[in-house]
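Peer 1: Below is a structure I'd like to ask you about.
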Amino acid sequence: VQLQASGGGLVQAGGSLRLSCTISGARLRDYGMSWYRQAPGKQREMVASITTTRGTNYGDSVKGRFTITRANNANTVYLQMNNLTPEDTAVYYCNRNPLWLAWSWGQGTQVTVSD
């Protein structure tokens, strides 16, 4: 299975980005998915997750600002990020749930928020 994350970039504080994660080699409809991020010198953290029935869960630091959605017919998971802050700067990755069954991580997509 391959994971292709895209949509990152450089944005000013308060701005928005929409990340996409397209899966190949598996049917998205069969899996719960999560977005993770890793900032330099920090551990990877879960940002948002979505079940096969579209139930969602968010990390405390992004609640109310980020929204995870899925398009099974496009084999793609999205992360809408609003009101970004410099603390959101990281490489963002997607993967399946649960984490202990994770696929190969892929390169992720860099999000940089300037103040």
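The values are calculated or read from the model by the stated rules, or taken from the named source; none is laboratory data. Keep in mind the model is a prediction, meaning the values are calculated, not measured. Glycine also receives a Cβ, built like all others from the backbone with ideal geometry; neighbour counts cover every protein chain displayed. Accessible surface areas use protein heavy atoms only, side chains included; no ligands, DNA or RNA. Shrake-Rupley method; radii C 1.70, N 1.55, O 1.52, S 1.80 Å.
Peer 1: Residue 62's amide H: which non-local residues (gap 5+, or another chain) put their own amide H closer than 5 Å, with H modeled 1.01 Å from N in plane and none for Pro or chain starts?
Peer 2: It is none; the list stays empty.
Peer 1: Let me ask another. Can you find, among 111, 71, 5, the residue farthest towards the positive end of the dipole of region 1-111? Put +1 on the C-beta of Lys and Arg, -1 on that of Asp and Glu.
Peer 2: The listed residue farthest towards the positive side: 71.
Peer 1: A further question follows. About the Cα centre, and with charges only on the beta carbon of Lys, Arg (+1) and Asp, Glu (-1), how big is the dipole of the chain? Nearest 20 debye, please. Before the final figure, lay out each step's value.
Peer 2: Values: 11 positive and 6 negative charges, 75 e Å.
So the magnitude is around 360 debye.
Peer 1: What number, in percent, do you get for the relative contact order of the chain if the mean sequence gap of Cα pairs under 8 Å and at least 6 apart is divided by its residue count? Walk me through the numbers on the way to the answer.
Peer 2: Working: 278 pairs, mean separation 42.6, N = 115.
Taking the mean separation of contacting Cα pairs over the length of the chain, I get 37 percent.
Peer 1: Calculated FRET efficiency, residue 65 and residue 22, Cβ-Cβ r, R0 22 Å, to nearest 0.05? Display every interim value, and only then the final one.
Peer 2: Numbers: r = 23 Å, r/R0 = 1.06.
Efficiency, from the Cβ-Cβ distance: 0.40.
Peer 1: A further question on this structure: For region 28-67, what is the charge dipole size about the Cα centre, in debye to the nearest 20, if Lys and Arg each add +1 at the Cβ and Asp and Glu each add -1 at the Cβ?
Peer 2: Numbers: 7 positive and 3 negative charges, 21 e Å.
In debye, rounded to 20, region 28-67 gives about 100.
Peer 1: In whole Hz, with x marking every Gly and Pro, tabulate ³J(HN,Hα) for region 12-25 from phi via Karplus 6.51 cos²θ - 1.76 cosθ + 1.60, θ = phi - 60°.
Peer 2: My calculation for region 12-25 gives 7, 3, x, x, 10, 9, 10, 8, 10, 9, 9, 9, 10, x Hz in order.
Peer 1: Another question, if that's okay. Using a 1.4 Å probe, what is the accessible area per residue for the chain, in Å²?
Peer 2: Working: 6090 Å² over 115 residues.
Accessible surface, normalised per residue, equals 53 Å².
Peer 1: State the percentage of accessible surface on the chain attributable to carbon and sulfur atoms; use a 1.4 Å probe and exclude ligands, DNA and RNA. Write out the running numbers ahead of the final one.
Peer 2: Working: 2770 of 6090 Å².
Ligands and nucleic acids excluded, carbon and sulfur reach 46 percent.
Peer 1: Which residue, 61, 16, 49, has the most motion in a Gaussian network model of the chain that connects Cα atoms within less than 10 Å?
Peer 2: Fluctuation is largest for 61.
Peer 1: Rg (Å, one decimal) plus Dmax (Å, integer) for the alpha carbons of the chain?
Peer 2: 13.1, 40
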